[in-house]
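One structure is given below, encoded as structure tokens.
The values are calculated or read from the model by the stated rules, or taken from the named source; none is laboratory data. Because the structure is predicted, anything quoted here is derived from the model rather than measured. Quick reminder, even Gly has a Cβ in these numbers, built from the backbone with ideal geometry, and neighbours come from all protein chains shown. Quick note on the areas: whole protein, heavy atoms, side chains included, nothing else; ligands and nucleic acids left out. Shrake-Rupley method; radii C 1.70, N 1.55, O 1.52, S 1.80 Å.
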Amino acid sequence: MTKRRQAASYGDEGFSLFLRRAFARHMGHSAEDWEKPVIGICNTKSEVNRCHTHFDRIVEAIKRGVLMAGGIPLEFPTISLGESFTSPTTMLYRNLAAMDTEEMIRAQPLDGVVLIGGCDKMTPAQLMGAASANIPSIMITGGPMNNGEYEGQTLGACSDCRYFWQEYRSGTVDEEELEEINKALAPTAGHCMVMGSASTMAAASEALGMMLPGGAAIPAADNRKLEEAQSAGKQIVKLVHEQLLPSYIMTEKAFENAVRMLMAIGGSTNAVIHLVAIAGRLGIELPLERFDEIGRETPFIANLRPAGKYQMQEFYYAGGARAVMKELESYFYTDQLTVTGESHVDNLKDVTLSSHYRHVIKPADAPLHEGEGIAFLRGSLAPNGAVIKPKAASEHLLVHEGRAVVFESVKDMQNKVEDPDLDVEPDDILVLKNTGPVGAPGMPEAGMLPIPAKLLKRGVRDMVRISDCRMSGTAFGTVVLHVAPESAVGGPLDLVENGDFIRLDVPARKLDLLVDDQELENRKKERQKSTCSSIRGYEKLYREHVLQADKGCDFDFLVAESLQSENNRLR
């Protein structure tokens with residue numbers, strides 16, 4: 001038995017083990033069973049998290065695999081976060097879910113753990129927890145939904161949720177048609193079926209080495225998802241015997257593999273925050289500049305929405321994440337270890353790319369785009385960085401100078417955006433404040449600011465939009481996100497006023513507020529720092545300890561000690 005399983009709980013180690021055996025017997029286990037590897041199955045099934053409602057069969061398949069390999073499976077619950085039903089935003093609770101995962105792994109007598117994620121924040125939260133707990137672990141996700149369809153058009157949640165809602169606001173879709181579309185948007189179990197945050201983090205996990213090859217894209221409704229789950233159950237027992245820990249797999253080069261996957265598939269900007277946070281748990285720094293370097297040199301080859309044409313169902317048929325790695329094999333550190341116990345080289349040696357799906361995964365020498373799946377900006381408006389997805393933006397707006405139309409909060413925006421008298425023109429730049437990690441709190445996915453109603457009716461469908469919050473990976477438009485430092489902690493975004501001019505230059509990686517320094521100093525002196533003295537509980541903990549977006553939005557006391565002093569210096 002491992003040291004973890006021998007740990008005393010009652011001040012008497014022998015008595016503690018005696019008591020455990022007695023209380024475990026009702027499950028039918030004999031004393032000899034506890035000499036086998038005990039495998040925890042971190043089950044995040046929840047009926048409030050619709051993306052995880054189908055996990056029972058996955059858990060049963062994992063259990064079969066564990067038993068086949070000679071282990072003892074023990075299922076346990078942790079927090080489950082679903083985007084659609086969690087208020088104010090799941091990002092507020094990602095760190096809480098990570099803490100729950102870590103502490104339950106640490107506290108319970110487990111030799112290894114299978115993590116079951118799916119919806120956007122669950123995969124990164126579980127990987128953060130597993131990185132800190134550092135016992136043998138495997139990641140599996142519930143898989144994406146099947147495609148939706150409406151009158152011959154393929155639908156994808158939630159890119160089409162946003163598209164058709166915008167058309168409804170503009171008057172081109174009526175309420176009756178909108179309801180019919182609504183019925184077809186999310187037709188099966190599983191997470192969003194476009195390359196949003198959930199699909200991105202699954203693909204990144206596979207490139208990171210923490211998921212069995214081929215697992216990231218298997219649809220939730222496909223029988224091969226259960227085959228993967230059973231294989232994960234078998235493999236975790238092997239990892240326990242070999243003592244292959246997450247810290248051996250999630251190395252600096254492994255994180256660069258995950259970043260390269262993110263760029264090759266045109267994945268969600270949310271993955272930037274999550275990968276920085278996971279790496280931080282292991283003392284690995286992932287600066288935004290490194291993301292940008294990798295993005296510039298990595299061919300963008302996955303033709304997937306919202307930046308392309310197809311969805312996860314077609315991506316799976318085309319070979320998924322491992323087909324991307326095979327096509328770009330020379331770009332990845334393929335010598336890195338994975339949960340198979342072997343390197344990516346070994347995992348990829350028998351992978352072939354089907355000629356029938358080259359429209360989905362493009363050849364490296366004829367990519368969808370040359371690079372720049374995500375671009376990283378700095379400048380007087382974002383000293384510590386901001387992000388944009390150039391291929392989901394309007395090309396004519398990538399270099400743009402315009403007048404700021406400022407919303408002080410989400411509520412302020414909601415009150416004004418439908419106003420026919422709002423002073424706004426198509427060339428203006430919409431600016432949203434106080435929606436960052438501290439200000440909101442929790443950095444909600446409000447970054448795809450709605451086009452003002454008066455402009456929608458004139459046919460405007462995109463504008464430059466800037467904020468310190470996030471947007472869903474399923475969203476689109478010329479949207480600048482994650483501005484750091486955020487407005488609520490005194491970042492330059494807080495000083496922007498209506499009528500100021502802002503210049504965006506994506507090719508030059510610049511985002512500047514065109515106001516002279518003396519005027520900004522005067523504004524800064526006039527600002528009164530807001531306080532939230534009435535907050536309590538978890539929200540108080542969150543506001544006081546969350547790091548900024550460029551540092552992954554983890555809590556300062558949860559990152560590895562080697563990064564804590566540097567983060568404290570920069571706070």
Task: Derived scalar couplings ³J(HN,Hα) [segment 418-426; Karplus, 6.51 cos²θ - 1.76 cosθ + 1.60; whole Hz; x for Gly, Pro] - done: 8, 6, x, 9, 4, 7, 8, 10, x
- [ ] In Å and from the alpha-carbon atoms only, list the Rg and Dmax of segment 452-526.
- [x] 14.4, 41
Open item on the list: At 1.4 Å probe radius, can you tell me the per residue accessible area of segment 252-323 in Å²?
Closed with: 24
Open item on the list: Less than 12 Å Cβ to Cβ from Gly552, Lys/Arg counted +1 and Asp/Glu -1: what total charge do the surrounding residues give?
Closed with: -1
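Using only helices, what value at 222 nm comes out for the chain when you add -39,500 (n - 2.57) per DSSP H run of length 4 or more and divide by the total residues, to the nearest 500 deg cm²/dmol?
-11000 deg cm²/dmol
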Task: At R0 = 51 Å, FRET efficiency that the Cβ-Cβ distance of Arg461 and His29 yields, to 0.05 - done: 0.25
Task: Ranked by how many other beta carbons lie within 10 Å on average, peptides 230-240, 399-409, 11-21 from highest - done: 230-240, 399-409, 11-21
Task: Distance violations [Cα-Cα > 19 Å] among Lys326/Lys349; Lys63/Lys225; Lys121/Lys362; Lys225/Lys391; Lys309/Lys391 - done: Lys121/Lys362; Lys225/Lys391
Task: Cα-centre dipole for the chain with unit charges at Cβ (Lys and Arg positive, Asp and Glu negative), debye to 20 - done: 1300
TODO: Give a residue-ordered list of calculated ³J(HN,Hα) values for segment 280-297 (Karplus: 6.51 cos²θ - 1.76 cosθ + 1.60, θ = phi - 60°; whole Hz; x for Gly, Pro).
DONE: x, 5, 10, x, 9, 8, 10, x, 4, 4, 6, 4, 5, 4, 5, x, 5, 9
Task: FRET efficiency, Glu497 to Asp421 (Cβ-Cβ, R0 22 Å, nearest 0.05) - done: 0.70
- [ ] Work out the charge dipole of the chain with +1 on the Cβ of Lys and Arg and -1 on the Cβ of Asp and Glu about the Cα centre, then indicate which of Gly118, Ser247, Pro73 is farthest towards its positive end.
- [x] Pro73
Task: FRET efficiency, 1/(1 + (r/R0)^6) with R0 30 Å, evaluated for Glu401 and Gln153 via beta carbons - done: 0.25
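Per-residue counts of other Cβ atoms within 10 Å, averaged by peptide: what ranking do you get for 376-383, 465-472, 44-51, highest first?
The packing order, highest mean first, is 465-472, 376-383, 44-51.
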TODO: State to the nearest 20 debye the size of the charge dipole of segment 439-541 about its Cα centre, where the only charges are +1 on K and R beta carbons and -1 on D and E beta carbons.
DONE: 440
Open item on the list: How far apart, in nanometres, would the label points at Asp365 and Glu544 be if each is projected 7 angstrom from Cα along the Cα-to-Cβ direction?
Closed with: 6.1
TODO: Report the trypsin sites (Lys or Arg not before Pro) located in segment 475-561 that are in a DSSP loop and have at most 16 other Cβ atoms inside 10 Å of their Cβ, or state none.
DONE: Arg527, Lys529, Arg536
Task: Counting all C-alpha pairs of segment 59-129, share separated by more than 14 Å (%) - done: 60
Task: segment 408-472: C-alpha gyration tensor shape, a/c 1.5 cut-off, then a/b vs b/c - done: prolate
TODO: Have a look at Ile62, Gly142, Met128 and report the one farthest towards the positive end of the charge dipole of segment 1-148, computed about the Cα centre with Cβ charges (Lys/Arg +1, Asp/Glu -1).
DONE: Ile62
Task: Estimated distance in nm for a label pair at Glu289 and Leu514, the labels positioned 7 Å out from Cα along Cα-to-Cβ - done: 2.8
Task: Cα-based radius of gyration of the chain once divided by 2.2 N^0.38 Å, which approximates compact folds - done: 0.97
Open item on the list: Quick check: with the 1.4 Å probe, what order do Ser84, Ser137 take by accessible area, largest first?
Closed with: Ser84, Ser137
Task: Furthest towards positive pole of dipole, Met413, Ser330, His359, structure part segment 319-419, Cβ charges - done: Met413
Open item on the list: Students often forget the sequence filter, so: which lysines lie under 18 Å Cα-Cα from Lys540 once same-chain residues fewer than 8 apart are removed?
Closed with: Lys529
Task: Gyration tensor verdict on segment 403-560 (Cα atoms; rounded if a/c is under 1.5, prolate if a/b is larger than b/c, oblate otherwise) - done: prolate
Open item on the list: At a threshold of 8 angstrom on Cα-Cα distance, excluding pairs fewer than six apart, so keeping six or more, what relative contact order does the chain reach in percent?
Closed with: 13
TODO: Skip the ligands, DNA and RNA, and give the accessible area per residue of segment 455-508 with a 1.4 Å probe, whole Å².
DONE: 26
Task: Per DSSP, loop GluC sites (Glu not before Pro) in segment 101-167 with at most 14 further Cβ within 10 Å - done: Glu151
Task: For segment 227-316: rounded, prolate or oblate by the Cα gyration tensor [a/c cutoff 1.5] - done: oblate
Open item on the list: Using the Karplus curve 6.51 cos²θ - 1.76 cosθ + 1.60 with θ = phi - 60°, what ³J(HN,Hα) values do you get for each residue of segment 508-521, in whole Hz, with x for Gly and Pro?
Closed with: 8, 6, 10, 9, 10, 8, 8, 10, 5, 4, 5, 5, 5, 5
Open item on the list: Given points 7 Å out from each Cα along the Cα-Cβ axis, report the His241 to Tyr168 separation in nanometres with one decimal.
Closed with: 5.5
- [ ] Just the number, please: percent antiparallel of the DSSP beta bridges in the chain, rounded to the nearest 5.
- [x] 45
- [ ] Can you send over the carbon and sulfur percentage of the accessible area for the chain, probe radius 1.4 Å, protein chains only?
- [x] 48
